[in-house]
1. Step by step: first the residues of the stretch 88-109, then only those that are more than 16 Å from residue 159 (Cα to Cα) and buried (at least 22 other Cβ atoms within 10 Å of the Cβ), then the one that is modelled with the highest pLDDT. Which residue is that?
2. Given the structure, is residue 73 within 30 Å of residue 183 (Cβ to Cβ), touching a helix residue (DSSP H, G or I) at 6+ places or on another chain (Cβ under 7 Å), modelled with pLDDT under 65 and buried (at least 21 other Cβ atoms within 10 Å of the Cβ)?
3. Answer yes or no as to whether residue 85 is assigned to a helix (DSSP H, G or I), more than 20 Å from the chain's Cα centre (by Cα), surrounded by fewer than 23 Cβ atoms within 10 Å (Cβ to Cβ) and touching a residue at least 40 places away in the same chain (Cβ under 8 Å).
4. Scan the stretch 335-354 and give yes if some residue there is surrounded by fewer than 18 Cβ atoms within 10 Å (Cβ to Cβ), more than 23 Å from the chain's Cα centre (by Cα), over 14 Å from residue 441 (Cα atoms) and in contact (Cβ under 8 Å) with a residue 60 or more places away in the chain, otherwise no.
């Protein structure tokens, strides 16, 4: 009994203060994610009232927008890796420089995506589907979305990177404000009211634009008037980051950007496969995605918290504790993943009835919902390891290779075979497209156990 207790303490954190800190980090992020997914769910329900062409158009158009979002997440993840380690090492000025560099990158990419959406919306939609009605509606959606990239990118980077210094409130505040703005504007623009004409699917894009613009304004005001740790001045945008910092970004940060970008392209490849299976499949997947994310908001929180906590511990140089923290987070993620799976299983099929869709689409959605209930457990473990623990420890190159192998060599080809060649039921198509989650959840545990995932950032003068 005593030996078992000693072994338990050797691999897991047992102090109550650690778990109290984790709860304080997880709750705001989980609540923020819940609010965001609530907005997405209401968007899908509102657009769904317009018919399957509209819901398919907005879903597929958002896949291109999702590439930019994942790119921003990759940039912010790169910033979080460096910022959390430098914060743990007590280098506050370097954290400010890291934040500035991530802003510069987001502005560059946001401008490029905005131009593509404004000039080539039809060509973009043709990548995802050959349904002319869906292409027409999606093109209109993308043209309005062109105005969203920069404000959303800047607010996303700000709320995520600033989390590395322990500030989780900004993201929550932004999400709460965005929730009310988005829901109100969506209702007015989609269905018309208060003198505003009915805009249909374009109204969803207009509502998103209003919400993202408000988010941007809140971020700018907060950073200029209330932020007390970084003391950031937006005039720094015109300053060169420095060679040493750029090298560290290339060593620890760039692989995270590439990894998340590949994830975005993999998501788009999935949408191409599903899009060529028919608008009913696209609509069903959009519904399942909302429920999946609603039931895994706590996983989002623990993934974010694990990256910050482990990154700061590595920055302090306490590698032994970083290992114990990693094991503790994996155990917590498994518990949360099991809870998420049960929730999807219990309420997933019920939620399909909230949408005004054809019976065939409902059957497809229910099949995918059952598959999601299986996948969510593995999703929780691999997400916490790949987007949190190992990334916080600086193991970004290894994770990039893992993403390339399991997404592009396993999941996408298997999903293509299952969906477009063999014509398997929706349950097996979604399982095939998410095989990488199952494989990585096991493989990355062995990586954690090896201890080779800890790579501290070098000091920047």
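The values are calculated or read from the model by the stated rules, or taken from the named source; none is laboratory data. All figures in this text were calculated on a predicted structure; none of them were measured in a lab. Neighbour counts are summed over all protein chains in view; Cβ atoms, including those assigned to glycine, are modelled from backbone coordinates with ideal geometry.
1. Here the answer is 94.
2. Taking the combined requirement at face value, the residue does not satisfy it.
3. no
4. Within the stretch 335-354, one or more residues are surrounded by fewer than 18 Cβ atoms within 10 Å (Cβ to Cβ), more than 23 Å from the chain's Cα centre (by Cα), over 14 Å from residue 441 (Cα atoms) and in contact (Cβ under 8 Å) with a residue 60 or more places away in the chain.
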